[in-house]
Each structure stands twice: as C-alpha cells, then as structure tokens.
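Below is one structure, written out as structure tokens, with a few remarks after it.
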Amino acid sequence: MTQMAKQLLLVASVCLLAQLGLAQTYSVTDLGTLGGASSQAGAINASGQIAGNSSTVSSPAHAFLYSGSSLSDLGTLGGEYSVGLGVNASGWVTGYSTLADGTYRAFLYSGGTMTSLPTLGSTYGTGSAINASGQVVGQSYTAQNQEHAFLYSAGAVTDLGTLGGEYSTALGINTQGRVVGYAYRTDGNFHAFLWNGTSMKDLGTLGGSYSSGRAINDSGTITGQAYLAKNTKAHAFQFKNGKMTDLDTVGSTYSEGDAINRTGVVVGQMTVPGGINLTYHAFVIQNGKMTDLNSLIPANSGWVLIQATGISDAGKIVGYGTLNGNQRAFLLQ
C-alpha cells in the first residue's frame, strides 16, 4: 500500500468513527530530545513533519524538525536558544531565536538554513505560524516599542495594526493568507481578530472582556479562547459563519483551542473539572464533543498529556506532556 493510500485510509477511518459517534483511541510516540531532559512539539504538517523545541546538553532550547523518526537540531541565529512553533507543507519552520547580543528575532528555516526575518523597526520579533506559500505571521516590536502583529510575505514585512489599542499578536494563518490573533482595543481589553488581507475584524467574545484567535483552517473556521460573562471562565471557541460558539462541553474553568484541521477537529488544553488546584490536560473536540486525550491513550502508559498544539488533516496530534515525570513532546496517531 502506498503512503498516499495509507493516509486516505486513515482519514476515512477517522470520518467513520466520527459518524458512528465513537471516540478514536491513539498510540503515543515519545519524540525524544536533542540530548537534554525535555522537549515540546508546536505544529505538524500533512506529511507528519513536526516542529518544536528541545533542551540540549548545553542549551535550554533548540528548535527541531521531526521527520521520519528522528529529530534534527535547527540551531540558532547565533544566540543560546531557539524555539520552533510552526511548520508548513514543505517542511519550512518558523519560530524565534536569540542572536549573539541577546536580542531575538523571528526566523524562517528552509533548505538547511535558519534566516532572521525583518522586524517592524525594533530588535525583537517572533514567528508563530507559516502557511504553504511560506508566509509567516507573528509579532514584533515597532520603533515606538509597541508589539504589533506582522505578516512576512515575499521578503517584506507588514504591520497588521491593532483594534485601536497599542498591542497585537498574530498566531495563525491559512493558505489564503487570512490571519488570526488578538489585539487591544481602545477600552484596554483585547479581542480575537481576523485579518482579511486589508483590515482587522474584531471577532468579539463569549460575553466577557477578552478573547484570542489561535488558529484558522482553509475553510475560514477559527478557534481560540474567549472569556465568558463576569470573566470568571474562559473557553475554547469556534468562529464560523460570523458566529462565535462555546466549544467547552465539560465545564472547564479554562480551555483554549490551539489548532484546527481541515475537517474542523480542534485540539488544545483544558483544566480538569473538579478539585482545588487547576490541572491542565490536552483535549480533542470532534463531533461536537470535548474529550480529554488522556482517556484515549493506553492505560498505565506513564503519560500525562498536558497540551495539544497541532493536528494534521489526517488526525495526527502533537503537543507535550510528561512521561514518567519528564516533559516530552508527543505524537498521537
């Protein structure tokens, strides 16, 4: 069976399980480290390549690309550490890295080389996500020392502005170049936004004062986090057809949607209901139901899955958790 046939079979199996209302179970792969004690995954592409970061024997974090069954150290821009946050279909990675002088920049890693991306006028910037065309979004300080969302495309960087306040951050981008994130308003609150190529649209909240867009798929469906009335809870949301919907079906105090795939399956992080202290677990939302991913992996595996940060169209999920007490990047498939 060809690799393409295997992927199609996997997608068909996931769709059938969803139609039957059955929860998919997963095997867990420890992605390992670059020689240090910990690792964390940030995103996964359609080919199963994964971007993230890991501690090394001499650094708290180096960006990595997991491809096949091994981690490749992407290095830095001359400083001590780097972090990989996004990967596109070509295996290009974005994130941020320190320079030798201690400042940090957004980077684009392609063809075996890590390149520093331009800023909006300062010495600081971070890359958050990258699409198939190599467009990168993130945040950078301006010459006025205000952090603004940016879009890097064809060698140029564009300031996406704000919703009237001083600060904004871009966290996700789709194939069409639509960008999501959060931006401050004139009232001092921040709201999720959609940048449609020319202007920034306020997506509102779930009744509270704050919200943040984290990811957008190619159909334009957005996920993120929004506060409820009185600002005592914040829940993962879906924004579709002009409407924001609360996705939290388990009654979490806090939850956030961090990634969404082509079919609208959302993954992220939630607090476990009950108990005095807040305990965070990774979740998946499909067929309208939020499920703790820890209930979908083998019992007594040694894993506690804390946050899911990426999901492919084939349903593979990445993130980080603890394995026998040590922080590790994971792949669920």
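What follows draws every value from the coordinates through simple rules; no lab data is involved. Nothing here was measured: the structure is a model prediction, and the numbers come from that model. No Cβ is skipped: glycine too gets one built from the backbone with ideal geometry, and neighbour counts run over all protein chains shown.
Taking a Cβ cut-off of under 14 Å around residue 67, the surrounding Lys, Arg, Asp and Glu residues balance to a net charge of 0, with basic ones at +1 and acidic ones at -1. Here the 3J(HN,Hα) profile of the stretch 88-98, calculated from phi with Karplus coefficients 6.51, -1.76 and 1.60 at θ = phi - 60°, is 9, 5, 8, x, 6, 10, 10, x, 8, 8, 7 Hz, Gly and Pro shown as x. Using the average count of surrounding beta-carbon atoms within 10 Å as a protection proxy, the listed peptides 212-218, 269-275, 303-309 rank, highest first, as 212-218, 303-309, 269-275. Label zone (residue 262, point 7 Å along Cα-to-C-beta; backbone nitrogen cut-off 18 Å) within the stretch 44-74: 44-50.
For the stretch 261-301, what does the alpha-carbon gyration tensor say about shape, rounded, prolate or oblate, given a ≥ b ≥ c as the root eigenvalues, a/c under 1.5 as rounded, and a/b over b/c as prolate?
Working: a/c = 2.54, a/b = 1.46, b/c = 1.74.
Oblate.
The mean sequence distance of close C-alpha pairs (under 8 Å, at least 6 residues apart), as a share of the length of the stretch 252-292, puts its relative contact order at 31 percent. Does a label point 7 Å from the Cα of residue 99, set along Cα-to-beta-carbon, have any residues of the stretch 155-191 with amide nitrogen under 17 Å, and which are they? In the stretch 155-191, the label zone of residue 99 (backbone N under 17 Å from the point 7 Å along Cα→Cβ) covers 157. Taking a ≥ b ≥ c as the square roots of the eigenvalues of the Cα gyration tensor of the stretch 183-258, is the shape rounded (a/c under 1.5), prolate (a/b larger than b/c) or oblate? In terms of gyration-tensor shape, oblate. Please report the spacing between the Cα centers of the stretch 247-318 and the stretch 127-189 in Å, no decimals. Using only Cα atoms, the two centres lie 26 Å from each other.
Annotation: lysines with alpha-carbon distance below 27 angstrom to residue 230 (same-chain offsets under eight excluded): 201, 240, 243, 289. Cross-link partners of residue 316 among aspartates and glutamates, defined as those whose alpha carbon lies under 17 angstrom from its own and excluding same-chain residues fewer than eight positions apart: 30, 258, 292.
When the square roots of the Cα gyration tensor eigenvalues are ordered a ≥ b ≥ c, the ratio a/c for the stretch 233-333 is 1.5 or more and a/b does not exceed b/c, which makes its shape oblate.
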